[in-house]
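All remarks here apply to the structure that follows.
All of the numbers you see were taken from the coordinates with simple rules; none came from a lab. As the structure is a computational prediction, the values presented were derived from the model and not from experiment. Glycine also receives a Cβ, built like all others from the backbone with ideal geometry; neighbour counts cover every protein chain displayed.
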Amino acid sequence: MKQAAINLIPTPARESREQRSEIRFISSTLFALVLLASAALSAQTRATLRVGFWTLWHDKSVTLTAAGAKAQFAACEACDAESFKTPITLTADGDEVVYSAEGRPTRHTPVVEISGPVTIAAHKESETPRLPMRITAHKGVLVMAATIPVERYVERVVASESSSADTDESLKALAVVVRSFALHMRHGHAEYDLCDSTHCQLLHWHGNPSRAAAAHAAAMETAGETLWFHGAKADAYFNQNCGGRSAKPSEIWPAAVSKAYLSSHADKYCSAGGARSWAASLTKDEISAALSNAGLVAPGWRHLTVGRVGSAERGESPRVLTMRVVANNDGKEFSAEDFRLAIGRAYGWGKILSTWFEVHEENGNYHFSGRGSGHGVGLCQAGAAEMATEGLSAERILAEYFPGAEARDEESGRAWQRKQAGGLTIETLSEDDAAHVSEVKAAYGESESRAGGLLVNSDQLRITLRAYPSPTAFRDATLAPGWVAAFTEGNFIASQPLAILSARKQLRKTLRHEFLHAIVESVAARSTPLWLHEGLVELLSRDEAGADLGIAAEPTMTLDDLNLLLKTAATERESATAHREAAAYAARLIERYGRKQVESWVRNGLPESAMKEIGRR
Ligand SMILES: [Zn+2]
Ligand SMILES: [Zn+2]
Ligand SMILES: [Zn+2]
């Protein structure tokens, strides 16, 4: 299981630290300079997405406030970015943006760009997305688009779309589907790739604190993986609850092309506890207003019935295909999904939950009774959660909802290979890694033997090492800066390519360090301070570390300063300093109290008295 704690060393790309609650340990073995050379090699893989911001609000005006020194504003595409102190108001005027601020002339511009910590406020809401954003206007409405790393997008959508029934494996399956939907499909937006509403995939900009850590883990452990079918990138959808039978895309979207892996099939998992059913009543006037607002049919019709496609009222699943309104001698049909969306937009998504329903009319009222929630195509979230609860893997969940398809690496189309060595799972994409497996195992063995009394229940220890095939892949997947060789979160370790680490003679030490982090994390009390995690691991993983751990320089920072540096270090040099200082304190602690005592404190918490004593100059 992952441990919850706080982010130790944030990376510049991970600016939403307040949403995250895991420890991330970064190897002291630093790793600079390879990024530039390899960046060009994988330019075909998308590292970022443009996502529409507040797309359902149709704001005409927003206020921008700097929420930090790095907040930047550019008044046009070619304009220099500048910092700003007083709030700036943006208002849409036709297809132009008008900006005004105290001490600035009011100006019209086609586009405004912002970056850094800028708070955006409108409709009694405010967000600080900390992402580069481009703001334009279209027909008197502001159009805001944020540029977000793909993996950050995936974790935020998983946090927004998942439910409390989800566990690790169902979240991983969802992460693969969310990533595939974003990267493999077109979504019909001109100004950005995806919107932030359920039209595409729901993204809560302020995050979902209760699910952020689990969503982050699911995105991280499947980073870069998308759905593939017979060597080609596959379409992927998910829905809340298929009601016991999934839908074919053409049952929902009439123009959709059939795919073998998107079939209609019974779902024994979501219906295990009884299929989800619902009922709703709407007056004719309510329906009429919603259909008219959605541009489907003008008011004045007499009856609403289920329509036909050929001779069929229902698809295979058996969802309603079309709805028909009858006016005098005339009739008009539209898809049942359009009907569901029109009612949803007008009266909320809790009325007509799916297109799997019966309808009857009574005195100008329409009574619906149905099953499931959502369109029913692809992964059924209720079923996936049930499968995970029954102990089935993400792989198995994807195979259930996308028969014949599987998760593969988006860039190379290869599947991750897993090699088992005791409690260690080595995940690689590159065949060249086979040459380094013995050294990885040796590092694992060394970390186990060096861990001493920190290694309890070693037969239950499970560690996953995912070695990325290129520095670019590592960076895009983990959003870690280029100088990081590897890091550990809970029992998951991500590393730069084994071949590169090996060529630099850093492989053994780097992995030893990370394996020791995973071991320490598996036993450490929540209250064990970060400097002690880091310091102990640093001492134990050093090349010269033998029986004698007392070899370390005296610390030069206070413990408070060190704790702060551990949380904020953003450069290679700061990280190296933090590791060195932490090791010095850990060595001092061992010198005073003995290793056995310190190991026991790691497991049970460090007493205040020892902390005071050790912090004394
Ligand atoms: Zn470390
Ligand atoms: Zn959309
Ligand atoms: Zn289902």
Given 557-567, 382-392, 357-367, the highest-first ranking by average Cβ count within 10 Å works out to 382-392, 557-567, 357-367
Taking every C-alpha to C-alpha distance in segment 278-371 and binning by 10 Å from 0, the per-bin percentages run 17, 56, 26, 1
Diffing segment 137-144: the Karplus 3J(HN,Hα) column from phi (6.51, -1.76, 1.60, θ = phi - 60°), in whole Hz with x for Gly and Pro, holds 9, 9, 6, x, 10, 6, 10, 10
Residues meeting the amide H criterion for V118 (H placed from the backbone, H to H distance under 5 Å, 5 or more places apart or on another chain) are A67, R130, L131
Note, T389: beta-carbon cut-off 15 Å, +1 each Lys/Arg, -1 each Asp/Glu, net -4
For H138, other-chain or 5+-apart residues with amide H closer than 5 Å (H placed, Pro excluded) are V143
Listed by chain and number, the lysines with an alpha carbon less than 25 angstrom from that of K124, same-chain partners under 8 positions apart left out, are K60, K70, K85, K139
With the dipole of the chain defined by +1 on each Lys or Arg Cβ and -1 on each Asp or Glu Cβ, the option from V150, L564, A280 whose Cα lies farthest towards the positive pole is L564
Restricting to lysines and to Cα separations under 25 Å from K509, and discarding same-chain partners fewer than 8 apart, the set is K2, K419, K441, K567, K596
With Cα coordinates, the longest principal axis of the chain makes an angle with the long axis of helix 559-568, in degrees rounded to 10, of 40 degrees
Sorting C270, L539, A346 by the position of each Cα along the dipole of the chain (Lys, Arg +1; Asp, Glu -1; all at Cβ), the one nearest the positive end of that ordering is L539
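Taking 0.36 nm per residue of separation and subtracting the Cα-Cα distance, what length does fully extending S449 through Q597 add?
Difference between extended and current length: 51.5 nm.
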Checking rank on 482-492, 126-136, with mean other Cβ inside 10 Å and highest first, the result is 482-492, 126-136
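Compute the normalised compactness of the chain: alpha-carbon radius of gyration over 2.2 N^0.38 Å, N being the residue count.
Ratio of Rg to 2.2 N^0.38 Å for the chain: 1.09.
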About its Cα centre, segment 278-371 carries a charge dipole, from +1 on Lys and Arg Cβ atoms and -1 on Asp and Glu Cβ atoms, whose size in debye to the nearest 20 is 120 debye
About its Cα centre, segment 48-147 carries a charge dipole, from +1 on Lys and Arg Cβ atoms and -1 on Asp and Glu Cβ atoms, whose size in debye to the nearest 20 is 180 debye
Among segment 183-221, those whose backbone N falls under 16 Å of a label point 7 Å along Cα→Cβ from D95 are 190-192
Answer in debye to the nearest 20: the dipole magnitude of the chain about its Cα centre, from +1 Lys/Arg and -1 Asp/Glu charges placed on Cβ, is 300 debye
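Given the peptides 210-217, 370-377, 277-284, 503-510, arrange them by the average over their residues of other C-beta atoms within 10 Å, most packed first.
Ranking the peptides 210-217, 370-377, 277-284, 503-510 by packing returns 370-377, 210-217, 503-510, 277-284.
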Ordered by fewest other Cβ atoms within 10 Å, a rough proxy for footprinting exposure, L516, L540 read L540, L516
When K351, K124, K268 are ranked with the fewest other C-beta atoms within 10 Å first, the list becomes K124, K268, K351
Per the charge dipole of segment 268-326 (beta-carbon charges, Lys/Arg positive, Asp/Glu negative, Cα centre), the residue among L296, M323, A312 reaching farthest to the positive end is A312
Ordered by fewest other Cβ atoms within 10 Å, a rough proxy for footprinting exposure, E411, E333 read E333, E411
Under the helix-only model (-39500 (n - 2.57) for each DSSP H run of 4 or more, divided by the residues of the chain), the mean residue ellipticity at 222 nm, to 500 deg cm²/dmol, is -9500 deg cm²/dmol
Lys and Arg at +1, Asp and Glu at -1: neighbours of D235 with Cβ under 11 Å from its Cβ sum to +3
